[in-house]
1. Keeping to region 2-13, report how many residues are in contact (Cβ under 8 Å) with a residue 24 or more places away in the chain and surrounded by 14 or more Cβ atoms within 10 Å (Cβ to Cβ).
2. Residue 129 - would you say it is under 21 Å from residue 30 (Cα atoms), part of a helix (DSSP H, G or I) and touching a residue at least 12 places away in the same chain (Cβ under 8 Å)?
3. Just wondering, is there one or more residues in region 94-101 that are in contact with a helix residue (DSSP H, G or I) (Cβ under 9 Å, 6 or more places away or on another chain), surrounded by fewer than 16 Cβ atoms within 10 Å (Cβ to Cβ) and free of Cβ contacts under 8 Å to residues at least 12 places away in the same chain?
4. Within region 38-74, count every residue that is assigned to a loop (DSSP other than H, G, I, E, B) and surrounded by fewer than 16 Cβ atoms within 10 Å (Cβ to Cβ).
5. Going by the structure shown, is residue 113 more than 20 Å from residue 179 (Cα to Cα) and in contact (Cβ under 8 Å) with a residue 40 or more places away in the chain?
6. Can you find a residue that is surrounded by 18 or more Cβ atoms within 10 Å (Cβ to Cβ), outside any strand (DSSP E or B) and touching a strand residue (DSSP E or B) at 6+ places or on another chain (Cβ under 7 Å) anywhere in region 23-30?
7. So which of 136, 140 ends up being in contact (Cβ under 8 Å) with a residue 24 or more places away in the chain, surrounded by 14 or more Cβ atoms within 10 Å (Cβ to Cβ), assigned to a loop (DSSP other than H, G, I, E, B) and over 17 Å from the mean Cα position of the chain (by Cα)?
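Laboratory data are not the source of any read-out in this text; all were calculated from the coordinates shown. This is a predicted model, so every value here is computed, not measured. Please note: Cβ atoms are built from the backbone with ideal geometry, for glycine as well, and neighbour counts cover all protein chains shown.
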């Protein structure tokens, strides 16, 4: 997709169906807040579209698969590689935003923060916006929510500062609102 296309033309020409089909494996992965990881993948994609981050099809495709490898380790990577010419770049981005075995949450977030990948930071911010929106007192303890918000302030908001000032504003607002709910 070229830069001279309008946002509507970019979306019209974006081929997501094969990635959506791969993401359907997430339908069976439930979330503490209810629903499943498939819906969360779509929420993350929706956040990127809402921010009009349409210039990079790799970012949009990766948003659908960003939790796939971690949540469905039986995923056949080679089948994803054969989807299209973006597939290898999509998998590279997904790998950056996938928590590695033995890695603490803070090490994982710090790795993304220090990475040279702008797309990884954007994707992690969109993912975190979706996750914070789904934090509820009936599914998470105050302590768990507080720790999650601390990680957001220490790692994810600094990522947003590097890539998108509007995401900084939204993440900061979400943190304040969730902390208020916990008080």
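1. Residues in region 2-13 being in contact (Cβ under 8 Å) with a residue 24 or more places away in the chain and surrounded by 14 or more Cβ atoms within 10 Å (Cβ to Cβ): 2 in total.
2. When the stated conditions are applied, residue 129 passes them.
3. Yes, region 94-101 contains a residue that is in contact with a helix residue (DSSP H, G or I) (Cβ under 9 Å, 6 or more places away or on another chain), surrounded by fewer than 16 Cβ atoms within 10 Å (Cβ to Cβ) and free of Cβ contacts under 8 Å to residues at least 12 places away in the same chain.
4. 4
5. For residue 113, the condition - more than 20 Å from residue 179 (Cα to Cα) and in contact (Cβ under 8 Å) with a residue 40 or more places away in the chain - is met.
6. yes
7. 140
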